[in-house]
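Right, one structure below, let's go through it.
Rule-based calculations on the coordinates, nothing more; no lab input. Small disclaimer: the values here were computed from a predicted structure and weren't measured. Reconstructed Cβ throughout: ideal geometry from the backbone, glycine too, with neighbour counts over all protein chains shown.
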Amino acid sequence: MIDLYRFVQALRFFQRGMLIAPSQPSWPLLAAGCHRRMGNVEAALDLYRSAHRRFPDHLDYLRLLIHLCVDLHLDSEAERYAAKLRRAENAQRLVNIKCSAIAILRF
């Protein structure tokens with residue numbers, strides 16, 4: 001019971017953070033985590049989905065969406081997010097390679 005109270009208090013804090021700093025992707029991530037730990041997986045899934053729409057380049061949302069969709073047996077949705085994650089990771093690798101090449105050329 002004490003743990004549930006702590007999660008409720010934390011959720012309120014994170015929801016306030018979402019209102020104060022809506023451009024920060026960490027607030028919805030933390031709030032959804034509280035929902036998930038309290039057993040409210042549907043609310044967590046909805047929050048992860050909406051946050052992913054707002055922050056499509058944030059890879060943690062994709063990873064958590066895949067995990068939650070697999071747990072809920074939403075296989076086609078999990079595969080869709082997995083494909084997005086693969087594309088995003090590949091794009092990030094290309095950016096890292098380009099940045100490394102530019103850094104090498106500057107020396």
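Cβ-Cβ contacts under 9 Å between residues 6 or more apart (or on different chains), taken from a first residue in the range 66-94 that is under 17 Å from P56 (Cβ atoms) to a second residue that is assigned to a helix (DSSP H, G or I) and among the polar types (S, T, N, Q), are listed as C69/S76.
Go through the residues of the range 34-43 one by one and say whether even a single one is surrounded by 16 or more Cβ atoms within 10 Å (Cβ to Cβ), of a type in the set (A, V, I, L, M) and not in a helix (DSSP H, G or I). The answer is yes; a qualifying residue exists. Here D60 clears all of (1) charged (D, E, K, R); (2) exposed (fewer than 13 other Cβ atoms within 10 Å of the Cβ); (3) touching a residue at least 12 places away in the same chain (Cβ under 8 Å) except the condition numbered (2). Being part of a helix (DSSP H, G or I) and within 29 Å of R6 (Cα to Cα) is a property that holds for S50.
Among the residues of the range 61-83, those identified as out of contact with any helix residue (DSSP H, G or I) (no Cβ under 6 Å at 6 or more places or on another chain), in a helix (DSSP H, G or I) and not hydroxyl-bearing (S, T, Y) are R63, H67, D71, D75, E79, R80, A83. For the range 2-53, the set of residues classified as touching a residue at least 12 places away in the same chain (Cβ under 8 Å) and among the basic types (K, R) consists of R36, R37, R49, listed by residue number.
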